[in-house]
Amino acid sequence: MNSERCVQTTSGLSFSEPDWVSCTLGVFLCQGCSLIHRSIPHISRLKSIQQDSWETEEVQFITSVGNAVANAKYEQSVPPFYYRPTHSDCRVLREQWVRAKYERQEFMYIEKQEPYSAGYREGFLWKRGRDNGQFLSRRFILSEREGALKYFNKQDAREPKAVMRIETLNATFQPAKIGNPCGLQITYLKDNSTRNIFVYHEDSKEMVDWFNAIRAARFHYHQVAFPGASDTDLIPKLTRSFMKEGYMEKTGPKHTEGFKKRWFTMDDRRLMYFKDPLDAYARGEVFIGSKENSYKVLPGLPPSTQGYHWQHGITIVTPDRKFLFACETEAEQKDWIAAFQRVVNRPMHPQEYAVEAHFKHKP
């Protein structure tokens with residue numbers, strides 16, 4: 001049975017060749033997609049392309065439908081802001097895309113998109129406490145009209161504990177870091193510094209609806225802010241995954257202090273470091289500009305560097321100073337250098353010069 005590559009034909013979730021077929025939906029599936037489809041047997045019944053026997057009627061049905069026809073039916077009204085997961089995304093995003101598409105048929109009936117398209121969403125999420133690390137139920141309100149996501153420490157509280165402007169809001173699923181399959185990290189800027197909150201919900205649909213509601217709010221904000229931009233231009237601005245995260249060691253601005261182990265997060269041009277991966281506030285942030293503006297990334301550390309540190313060093317040169325980091329392994333060093341180099345090689349946008357000008361370098 002002939003089939004196209006999965007990335008072109010099913011949900012865009014994998015780059016591997018399809019090994020399975022949904023006999024009830026008439027679509028080809030790769031191994032990864034097939035595992036998700038098996039969890040909705042009342043919608044999708046699977047057969048192996050190579051190992052199962054096929055009735056003539058089944059072959060005729062698959063031939064008459066196929067992935068292109070199925071996508072035209074089940075994806076006819078996907079909102080431009082709705083996140084289309086890739087093969088590398090977490091299980092929750094991939095599963096909820098399949099369920100939204102085939103089980104709930106959300107992209108065939110626009111009224112089913114109300115939970116994330118209405119411009120207003122209110123509900124309770126489990127939020128990690130900043131000081132004690134416990135997850136407690138908190139009321140959240142997302143309002144496009146107010147341009148903010150707010151949460152309240154008490155159910156009857158009149159004033160929010162925090163107001164996060166949609167303009168600087170970001171959300172990314174972090175199940176491994178948070179320790180929950182539906183774990184979502186929300187970041188925002190306060191006084192030009194990044195703040196983190198970590199939330200989850202027991203219902204994966206609820207959490208993905210919140211994620212897409214944030215994307216919808218960001219989409220509509222950018223439509224107003226950039227009236228001439230196309231949807232294709234705006235979609236990459238809605239939410240972003242971090243370029244890289246992991247542990248490195250760092251020293252202070254005088255390079256005479258001992259090296260301390262810190263958790264680093266590379267969020268576009270912001271390199272943030274934390275004592276713990278789930279800290280609400282960064283201990284410091286470093287702005288990384290472009291090579292045209294005298295930013296450089298060098299392997300190794302200056303010969304005069306003092307103190308014990310991991311053996312695989314990285315030096316970031318900025319117009320103000322040099323930042324010294326050390327990685328535990330050569331592989332980590334190469335990965336970090338590659339991430340830094342991608343940013344340095346990219347010319348700065350006009351708005352990034354404003355960020356650079358107001359950036360607070362912290363030791």
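Considering only residues that are modelled with pLDDT under 95 and of a type in the set (S, T, N, Q), look in region 79-100 and name the one that is surrounded by the most Cβ atoms within 10 Å (Cβ to Cβ).
Ranking the candidates gives Thr86 first.
When you go through Arg240, Arg195 one by one, which is the residue that is surrounded by fewer than 21 Cβ atoms within 10 Å (Cβ to Cβ), of a type outside the set (S, T, N, Q), within 19 Å of Arg138 (Cβ to Cβ) and touching a residue at least 12 places away in the same chain (Cβ under 8 Å)?
The unique qualifying residue is Arg195.
Do you know which residues across region 308-360 are open to solvent by less than 20 Å² (accessible area, probe 1.4 Å), of a type outside the set (Val, Ile, Thr), in a strand (DSSP E or B) and touching a residue at least 40 places away in the same chain (Cβ under 8 Å)?
Phe323, Leu324, Phe325, Ala326, Cys327 - these are the residues of region 308-360 that are open to solvent by less than 20 Å² (accessible area, probe 1.4 Å), of a type outside the set (Val, Ile, Thr), in a strand (DSSP E or B) and touching a residue at least 40 places away in the same chain (Cβ under 8 Å).
Identify, please: which residue in region 230-247 is among the β-branched types (Val, Ile, Thr) and outside any loop (DSSP other than H, G, I, E, B) and is, among those, farthest from Asp276 (Cα to Cα)?
Thr232
For residues that are outside any strand (DSSP E or B), closer than 18 Å to Ser304 by Cα and open to solvent by less than 60 Å² (accessible area, probe 1.4 Å), tally how many sit in region 248-275.
5
Considering Gln51, Gln76, which residue is open to solvent by 40 Å² or more (accessible area, probe 1.4 Å) and in contact with a Phe, Trp or Tyr (Cβ under 7 Å, 6 or more places away or on another chain)?
Gln76
Could you grab the pairs with beta carbons closer than 8 Å, sequence gap of 6+ or different chains, first residue in region 65-80 and among the hydrophobic types (A, V, I, L, M, F, W, C), second one open to solvent by 50 Å² or more (accessible area, probe 1.4 Å)?
What qualifies is Val78/Arg84.
I'd like to verify a number: residues in region 60-94 that are charged (D, E, K, R) and farther than 19 Å from Val21 by Cβ, how many?
3
Mind checking which residues of region 140-170 are touching a residue at least 24 places away in the same chain (Cβ under 8 Å), closer than 16 Å to Tyr281 by Cα and aliphatic (A, V, I, L, M)?
Those that are touching a residue at least 24 places away in the same chain (Cβ under 8 Å), closer than 16 Å to Tyr281 by Cα and aliphatic (A, V, I, L, M): Ala162, Met164, Leu169.
On the basis of being out of contact with any helix residue (DSSP H, G or I) (no Cβ under 6 Å at 6 or more places or on another chain) and acidic (Asp, Glu), does Glu111 make the cut?
So Glu111 fits the description; yes.
Which condition from (1) without any contact (Cβ under 8 Å) to a residue 60 or more places away in the chain; (2) open to solvent by 40 Å² or more (accessible area, probe 1.4 Å) is the one that Glu206 breaks?
Unmet condition: (1).
Restricting to region 55-67, name every residue that is more than 23 Å from Gln96 (Cβ to Cβ) and not in a loop (DSSP other than H, G, I, E, B).
Thr56, Glu57, Glu58, Val59, Gln60, Phe61, Ile62, Thr63, Ser64, Gly66
Please tell me if Arg215 is in contact with a Leu (Cβ under 6 Å, 6 or more places away or on another chain), in a helix (DSSP H, G or I), within 30 Å of Lys73 (Cα to Cα) and not hydrophobic (A, V, I, L, M, F, W, C).
Spelling it out, Arg215 is indeed in contact with a Leu (Cβ under 6 Å, 6 or more places away or on another chain), in a helix (DSSP H, G or I), within 30 Å of Lys73 (Cα to Cα) and not hydrophobic (A, V, I, L, M, F, W, C).
In region 330-363, which residues are at pLDDT 85 or above and more than 26 Å from the chain's Cα centre (by Cα)?
Glu330
Which pairs have Cβ atoms under 8 Å, sit 6 or more apart or on different chains, and link a residue in region 273-296 that is over 17 Å from Phe325 (Cα atoms) and aromatic (Phe, Trp, Tyr) to one that is open to solvent by less than 20 Å² (accessible area, probe 1.4 Å) and at pLDDT below 95?
Tyr281/Ser193; Tyr281/Thr194
Give region 104-116 a look and list any residue that's without any contact (Cβ under 8 Å) to a residue 24 or more places away in the chain and outside any loop (DSSP other than H, G, I, E, B), or say none.
Glu111, Lys112, Glu114
The values are calculated or read from the model by the stated rules, or taken from the named source; none is laboratory data. All of these numbers come straight from a predicted model, not from anything done at the bench. We place every Cβ from the backbone using ideal geometry, glycine too, and count neighbours over all the protein chains shown. Accessible surface areas use protein heavy atoms only, side chains included; no ligands, DNA or RNA. Shrake-Rupley method; radii C 1.70, N 1.55, O 1.52, S 1.80 Å.
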